[in-house]
Each structure stands twice: as structure tokens, then as C-alpha cells.
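The values are calculated or read from the model by the stated rules, or taken from the named source; none is laboratory data. Note that the structure is a prediction, hence the values are computed from the model and not measured. Neighbour counts run over all protein chains shown; Cβ positions are idealised from the backbone, glycine included. Protein only, heavy atoms only, side chains kept; ligands, DNA and RNA dropped before computing areas. Shrake-Rupley method; radii C 1.70, N 1.55, O 1.52, S 1.80 Å.
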Amino acid sequence: MMTSLVSMILFSANSLAWGPTGHRVVGEVAQRYLNKSAERGIKKLVGKEGLGMMSNWPDFVKSDRSFDHAGPWHYVTIPEGLTYEQIEKDPKGDIVEAIGRMIAALKDKNADQTKKIQALKFLVHFVGDIHQ
């Protein structure tokens, strides 16, 4: 009984987040469901790098000060009994707003390639984050 309790306490933190493996699995699953057009577009943008490989990049750059602005993009807190539409939005953005912005960046014919690659990496990661 005590061993089970200790195990639950020690390993419960791991159950709160996907971690690198979970994000990679989400990316790999998404890769398998791409239509041919999306697959060609991604390949043109990033070459052979698959969605699974790029899915952890947004967590890796969290330690880079130039990406501090992206911290709030990884989550949103919606109190019980409210909907996303009802909550006060963070002016720095949140995961729902960021997903929309990343999709818009990918569709923007005038966006440079670096911006589009970052948008794709964030998008794959955020789809994993929002499903945790």
C-alpha cells in the first residue's frame, strides 16, 4: 500500500504533460493523416523533417530569451462553468489564439519561409498541448 502511494506521488507529475515522447507521437499520427497536398506543402517547406521530429521544438526554445513571448501560447485556463468565449483573454495570447495565428501564418503567401517553418513547428506542438 505504501509503495503504491509513493509511486503515485513520484510519477504523478509525468501524467500532467505529454513530454517529448507524447509530442512526437502526436506529430507522427498527424503525419500519417496528411492529405497529399499538405504532405507536399510541408515537404517543400521543411524537406524531409517530419511532424514528429519538429513537434518538440517549441519546448526546446523556451530557454531562449528571444522566445519568452511565446510562453503563454502553450496553454489557456478556462475556469469550470465557463467557455473560452466567456473568459478574459491574455493580451499576450493563449493556445487557442496562437493556433489560429499559426494557421494564418502558414496560409500567408507573403510570409517568409523562416516564419512559416516556425509557425508549423508551433502548430504541431500546440495541437499536442491542447489535447493533454
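Results, tabulated for the structure shown:
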| quantity | calculated |
| --- | --- |
| Around Gln132: net Lys/Arg minus Asp/Glu count, Cβ-Cβ under 15 Å | -2 |
| Met53 accessible area, 1.4 Å probe, all protein chains in place, Å² to nearest 10 | 110 Å² |
| Positive-pole candidate from Tyr33, Phe60, Thr83, dipole of the chain, charges at beta carbon | Tyr33 |
| Cα-Cα over 22 Å, subset of Lys36/Lys62; Lys89/Lys109; Lys44/Lys116; Lys89/Lys116; Lys48/Lys115; Lys62/Lys107 | Lys36/Lys62; Lys89/Lys109; Lys89/Lys116; Lys62/Lys107 |
| Point-charge dipole on Cβ atoms (K/R +1, D/E -1) for the chain, about Cα centre, debye to 20 | 820 debye |
| Computed Rg/Rh of the chain, alpha carbon atoms with Kirkwood Rh | 1.04 |
| Protein-only accessible surface order, largest first, of Arg32, Arg24 at 1.4 Å | Arg32, Arg24 |
| Percent carbon-and-sulfur accessible area, the chain, ignoring ligands, DNA and RNA, probe 1.4 Å | 59 percent |
| Nearest 10 degrees, 0 to 90: helix 19-32 Cα axis against the chain principal axis | 40 degrees |
| With all protein chains modelled, accessible area of Thr114 [1.4 Å, Å²] | 90 Å² |
| Full-extension gain in nm, Tyr75 to Glu49, via 0.36 nm per residue minus C-alpha separation | 6.8 nm |
| Interchain or long-range residues, amide H under 5 Å from Tyr75's placed H | Ile95 |
| Value of [θ]222 nm, deg cm²/dmol, for the chain, DSSP H segments ≥ 4, -39500 (n - 2.57) each, nearest 500 | -17000 deg cm²/dmol |
| Sequence of Lys121, Lys92, Lys48 from largest to smallest accessible area, 1.4 Å probe | Lys48, Lys92, Lys121 |
